[in-house]
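Input: a single structure, listed below in structure tokens.
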Amino acid sequence: MEPLIELKDLEYSYLYATPALSGISLCIRKGEKIALVGSNGAGKSTLLLTLNGTIRPDKGSIIFQGKPVSYDRTSLRKIRQKIGFVFQDPDVQIIAPTVWQDVAFGPVNLDYTDEQVRQSVTDALHNVGMEGFEKRPPYHLSGGEKKRVAIAGILAMDPEVLVLDEPTSMLDPAGSEDIMDLLDELNLQGKTIIISTHDVELAFTWADRIILMEKGKIIGSGTPEEAFSDKEMIRRARLKTPVLLELFYELKSRGLKTSETLPRTVLDIIRIIEHDHHGTIRLPGNGYGTIHVGDVDKMSGTDVSDILARTSHDSIGVMGSRAKIYARKWGFIPDISYAVIDKCILQAMNGRSSIILTTGRMVTRVFERVTIFNQANDRSIPVRSLTLDNTTDGVPPDAMWLYRTDHF
Amino acid sequence: MIGHDFLEETAHHNALLQVHPFTKLFLGIGSIILVLLTPNYIVPCFLAITLSIIIIVLAKINLKFYLKLLGIPLSFAMLSALVIIFLSEGVTEIWYVQLFPWLTLAATSESLNQGLHIFSRIFGGMCALFFISLTTPMTDLFGIMKKLKIPELFIDLSMIIYRYIFIFMEKASQIFLAQKMRLGYTRPGEAVRSYSMLFGSIFITSWDAGEDLINAMDGRCYNGKHAKITSYNPVEWRTLSAVMIYLFIITGMILWTSG
């Protein structure tokens, strides 16, 4: 696949300091989820700032969509529209006195018409689940809400690539999970996402590709499993091995029969222990739990209460920012609000049923994920689509293709 | 501490938030202009009392908070009025005191009148000003400024200033707390040193914030434009006419009392 962004031999140094970047070559493809991981001062932020032309490298070239980036005003505007940059501190990024005005900042400067501005702001706020906050001044918002506004301000310009510098550094754990969930959602909509972080756990489970940095150089890159299994490299980059991998290695060294694939989630490790080690599937007495999936865009609050009342379930999972907003509005307290699909599969394997409330394309994603899991592990966890009339246990039409190869 | 952010906070939660800002500005600014035209203290006092009633009853501002707020300018006004009463000239002496052989403080009925007049003008004017600031958040004023064709540059600058005041105040209070915790303000000399350090670091912070702001704006394709909200609830003619009738009554009172 043709690279979207290509960096070749970048060099950059700040005044009177050791080189911040040296010999950086990197290739970013469309639709990737990339995490730049490194200790403080490894050059992650500097590298990200070169992507949208804020920092001009001393040497080397940046090629975006086949064309080298040039640094005149018009080209810079073009590249900054396509590569959106979200600052670490939302207070730096939020410029305007109200949420609406801030999100509209980009579109207005891109000379959209009034109607287009209104539309793009509405869409962006909808996307990050911040509708109804339009007239609020930013100092009234919580850290997570500010972050969402900052992301909305970038989304309103409809970029192809989202670059986020330490997206979770100022958030509480639940807030971080929400933001990462949102980034997954945006990635599903086709955006390429690049983040920097020093949170290894987060990078390990979220990213498609990890790029390890140390002292302005890229010291390794690959899938999370590859990048984090090289202990020497991890030590050099002043990071640590993710807990899951450590657990895996410890189990392995104690003679646990393991497959070649390294675990990335709790689900993976449970599967390894249950499936590969015991050799048999421990099936609870009542069989697998069912995963029910509902599209809240097509329901009202009372519909959902009806469904919750008549569908037997042990836990409710809410996935995606819009579904979370609805859940809050309707007064449901979700039991699971991040890594929802994995956790529901885990529950189902333990004989418990769950309901996942989500929106749009993520409904299909649940079906996809569970089906793939079923095929790979020879399981038959049932997934059902929640419908209003309760008579049809339907499958959304766009998920039908999955069932042809299915075996339950 | 009554901070400016507390004022804004109150404005964002007042009961007249949904009224069109133009109506509120009309009442506030109209009252200020009329106060300046009053011949004696009767009309300004009437204005101050009625506006306070509007602020407390209609806008539902906490009475205690309002009185505390009003206390700040009024204590200054009181002092200035006292000075005027004793120092300005007049014919009919009411009361006097000889402080030193060469200094006599005397209050005349003319100076008393003048002092009372100035005090009541300040009182009325402050009430009108507080009416605006307690019922109309700054964010609403920016749109009105645009509608009134005030130069964009001025509005943009005030929007950026408004946005950053809160960030700097936050920074300043953090530094102040950190200094106080390390006994920075225990002695007068220490306090002067601590204050100078506080202002120094705020200056550096604002310099940095300026550079960050440029980067943030450039990162979003800044081209000299800032979005403004200009859509409000429609002007209610009933409210607006009530405001007009009120201002007419005040005008009538001014004409009548000036004889």
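Within segment A:114-135, can one find any residue that is within 11 Å of another protein chain (Cβ to nearest Cβ), part of a loop (DSSP other than H, G, I, E, B) and crowded, with 20+ Cβ neighbours inside 10 Å?
No, there is no match, as no residue in segment A:114-135 is within 11 Å of another protein chain (Cβ to nearest Cβ), part of a loop (DSSP other than H, G, I, E, B) and crowded, with 20+ Cβ neighbours inside 10 Å.
List, please: which pairs have Cβ atoms under 6 Å, are six or more places apart or on different chains, and start with a residue in segment B:208-221 that is facing chain A (nearest Cβ under 7 Å) and open to solvent by less than 60 Å² (accessible area, probe 1.4 Å) and end with one that is modelled with pLDDT of 90 or more and not in a helix (DSSP H, G or I)?
B:Gly219/A:Phe85; B:Cys221/A:Leu110
In segment A:159-212, which residue that is of a type in the set (D, E, K, R) and in a helix (DSSP H, G or I) is nearest to A:Ala237 (Cα to Cα)? I'd like the intermediate steps shown before the answer.
Restricting attention to segment A:159-212, the residues satisfying the condition of being of a type in the set (D, E, K, R) are A:160, A:165-166, A:172, A:177-178, A:181, A:184-185, A:191, A:199, A:201, A:208-209.
Then keep just the ones that are in a helix (DSSP H, G or I); that gives A:177-178, A:181, A:184-185, A:201.
On the way: A:Glu177: 25, A:Asp178: 27, A:Asp181: 27, A:Asp184: 26, A:Glu185: 30, A:Glu201: 15 Å.
The residue in question is A:Glu201.
Just name the residue that is farthest from the other protein chains (Cβ to nearest Cβ) out of those in segment B:157-197 that are polar (S, T, N, Q) and surrounded by fewer than 16 Cβ atoms within 10 Å (Cβ to Cβ).
Among them, the one singled out is B:Thr186.
Go over the candidates B:Ser120, B:Ser111 one by one and state the one that is away from chain A (no Cβ under 13 Å) and either touching a Pro at 6+ places or on another chain (Cβ under 7 Å) or under 30 Å from A:Tyr139 (Cβ atoms) (or both).
B:Ser120
Quick one: A:Gly84 ticks every box in (1) more than 14 Å from A:Leu7 (Cβ to Cβ); (2) more than 14 Å from chain B (Cβ to nearest Cβ); (3) buried (at least 24 other Cβ atoms within 10 Å of the Cβ) except a single one, so which number is it?
(2)
Mind counting the residues in segment B:147-156 that are more than 14 Å from chain A (Cβ to nearest Cβ) and not in a loop (DSSP other than H, G, I, E, B)?
The total comes to 3.
Going by the conditions given, is A:Leu171 open to solvent by 20 Å² or more (accessible area, probe 1.4 Å) and either in contact (Cβ under 8 Å) with a residue 12 or more places away in the chain or touching a strand residue (DSSP E or B) at 6+ places or on another chain (Cβ under 6 Å) (or both)?
So A:Leu171 fits the description; yes.
Can you name the condition, by its number, that B:Ile94 falls short on among (1) open to solvent by 50 Å² or more (accessible area, probe 1.4 Å); (2) at pLDDT 90 or above?
(2)
Would you pick out the residues in segment A:33-43 that are crowded, with 20+ Cβ neighbours inside 10 Å and out of contact with any helix residue (DSSP H, G or I) (no Cβ under 6 Å at 6 or more places or on another chain)?
Result: A:Ile34, A:Ala42, A:Gly43.
Regarding segment A:280-293, can at least one residue be identified that is in contact with a Phe, Trp or Tyr (Cβ under 8 Å, 6 or more places away or on another chain) and either under 30 Å from A:Ser22 (Cβ atoms) or modelled with pLDDT of 80 or more (or both)?
Within segment A:280-293, one or more residues are in contact with a Phe, Trp or Tyr (Cβ under 8 Å, 6 or more places away or on another chain) and either under 30 Å from A:Ser22 (Cβ atoms) or modelled with pLDDT of 80 or more (or both).
Looking at segment B:134-183, which of its residues are small (Gly, Ala, Ser) and in contact (Cβ under 8 Å) with a residue 12 or more places away in the chain?
Correct list: B:Gly143, B:Ser158, B:Ala172.
Filter segment A:87-113 down to the residues that are acidic (Asp, Glu) and more than 7 Å from chain B (Cβ to nearest Cβ), then identify the one that is least open to solvent (accessible area, probe 1.4 Å).
Applying the filter and picking the extreme gives A:Asp102.
Test of understanding: among B:Thr239, B:Thr205, which residue is farther than 24 Å from A:Lys82 by Cα and either at the interface with another protein chain (Cβ under 8 Å from one of its Cβ atoms) or touching a residue at least 60 places away in the same chain (Cβ under 8 Å) (or both)?
It is B:Thr239.
Every residue in segment A:6-30 that is in a strand (DSSP E or B) and either in contact with a helix residue (DSSP H, G or I) (Cβ under 9 Å, 6 or more places away or on another chain) or of a type in the set (Gly, Ala, Ser) (or both), please.
Within segment A:6-30, A:Leu7, A:Leu10, A:Tyr12, A:Ser13, A:Ala20, A:Leu21, A:Ser22, A:Gly23, A:Ile24, A:Ser25, A:Leu26, A:Ile28 meet the criteria.
Only one of (1) more than 30 Å from A:Val161 (Cα to Cα); (2) under 24 Å from the mean Cα position of the chain (by Cα); (3) free of Cβ contacts under 8 Å to residues at least 24 places away in the same chain fails for A:Arg271. Which number is that?
(3) is the only condition that A:Arg271 fails.
Tally the residues that are open to solvent by 50 Å² or more (accessible area, probe 1.4 Å) and over 16 Å from A:Ser25 (Cβ atoms), restricting the search to segment A:44-69.
4
The values are calculated or read from the model by the stated rules, or taken from the named source; none is laboratory data. These figures come from a predicted structure and were not determined experimentally. Glycine also receives a Cβ, built like all others from the backbone with ideal geometry; neighbour counts cover every protein chain displayed. We work out accessible area using only protein heavy atoms, side chains counted, and drop any ligands, DNA or RNA first. Shrake-Rupley method; radii C 1.70, N 1.55, O 1.52, S 1.80 Å.
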